Amino acid sequence: MSDYILETTGLTKEFKGFAAVSDVNLNIRRGDIHALIGPNGAGKTTVFNLLTKFLPPTRGCILFQGQDITHEAPAATARRGLVRSFQISATFPHLTVLENVRIGLQRKLGTEFHFWKPERTLDVLNSRAMELLADVDLTQFAGTITSEMPYGRKRALEIATTLALDPAMMLLDEPTQGMGQEDIARVVDLIRKVSANRTIVMVEHNLSVVANLCDRITVLQRGSVLAEGTYDEVSKNPQVLEAYVGSNDMNDAHH
């Protein structure tokens, strides 16, 4: 088995002649927390959309667990265990936190356990859902209507509903965006905790989060890979520092 759970070769996406992503080679190591960073317009979100099959690539190929998934349907890729954390809008705002996690579990079980009796299923799902809520520190919110939760806790719920699918690899799109310090610290702890036995790839603007959390970092600029390595390596790279001048000073993230 390869050390890499996900590999892309020459991954390219063009929109009307403009290359949003150009010849990107990613090697994501099994079990790592791997960040994609870069200035706005660097192509980070497009890469995510390509990996999760929301967009077909113009050229290039994507291997997940050694299998070519380049032209696979999004649902088929998700079933393999490559899952993007649902955007907040994808949780059901008028249902409770527990019900939202249970729906995630039902999606996971839907294909496997359809011969179970419904009431038995629900009991099993409830206990598993409560375990997941405990994992993301939401036990006390189980009965809360989702729309009434604080913003940072909604992000934790989003991670819990993704964990319900038991992904081998989880893609997190800006998990700390719009959060205050306290929420950021909680979500960073949460990501560290749920990274056990799985690989996480995250797009993240907050460089102190990246510095604290990530094993490896790929820096994108104008759709291409500018640098890859540990935070210490990329933060000392003169090209990376230049790319970040005027947006986020990489040095600030250290303090």
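A short reminder: the numbers here are calculations on the coordinates, not readings from a lab. These numbers were taken from a predicted model, which means no experiment stands behind them. Neighbour counts are summed over all protein chains in view; Cβ atoms, including those assigned to glycine, are modelled from backbone coordinates with ideal geometry.
Rounded to the nearest 10 degrees, the angle from helix 151-163 to the longest Cα principal axis of the chain is 80 degrees. Looking at the chain only, what percent of DSSP beta bridges run antiparallel? Nearest 5 please. Bridges in the chain that DSSP calls antiparallel: roughly 55 percent. With coordinates expressed along the principal axes, the C-alpha atoms belonging to segment 180-219 extend over 26, 24, 13 Å, beginning with the largest. The alpha-carbon of residue 53 sits under 18 angstrom from the alpha-carbons of these aspartates and glutamates, leaving out residues fewer than 8 places away in its chain: 7, 14, 23, 68, 72, 173. The HN-Hα couplings worked out from phi for segment 39-51 by the Karplus form 6.51 cos²θ - 1.76 cosθ + 1.60 (θ = phi - 60°) are x, 4, x, 7, x, 4, 5, 4, 4, 4, 5, 6, 5 Hz, whole numbers, x standing for Gly and Pro. For segment 124-132, putting each phi into the Karplus relation 6.51 cos²θ - 1.76 cosθ + 1.60 with θ = phi - 60° gives couplings of 4, 5, 4, 5, 5, 4, 5, 4, 5 Hz, in residue order, rounded to whole numbers and with x for Gly and Pro. Compute the acute angle (0 to 90°) between the alpha-carbon long axis of helix 97-109 and the principal axis of greatest extent of the alpha-carbon atoms of the chain; round to the nearest 10°. Taking the Cα atoms of the chain, the angle to 97-109 is about 80 degrees. Couplings 3J(HN,Hα) of segment 182-192, computed from phi: 5, 5, 4, 4, 5, 5, 4, 4, 5, 4, 4 Hz, in residue order, whole Hz [Karplus 6.51 cos²θ - 1.76 cosθ + 1.60, θ = phi - 60°; x for Gly and Pro]. Annotation: lysines with alpha-carbon distance below 26 angstrom to residue 236 (same-chain offsets under eight excluded): 44. Between residue 84 and 171, the built amide H atoms are under 5 Å apart, and every one of these is 5 or more places off in sequence or on another chain. Taking a straight Cα-Cα cut-off under 22 Å and skipping sequence neighbours fewer than 8 places away in the same chain, the lysines within cross-link reach of residue 193 are 108, 154. Take every pair of alpha-carbon atoms less than 8 Å apart whose residues are at least six positions apart; their mean separation over the length of the chain yields a relative contact order of 26 percent.
Scanning residues 5 or more positions from residue 30 or on other chains, those with amide H under 5 Å from its amide H are 4, 5, with H placed 1.01 Å from N in the peptide plane.
The equivalent ellipsoid of the chain has semi-axes of 32, 23, 15 Å, largest first, where each one is the square root of 5 times an eigenvalue of the Cα gyration tensor.
With 0.36 nm allotted per residue and the present C-alpha distance subtracted, the residue 148-residue 25 stretch has 40.1 nm of extension available. At an R0 of 41 angstrom, the distance between the Cβ atoms of residue 237 and residue 75 translates into a FRET efficiency of 0.60.
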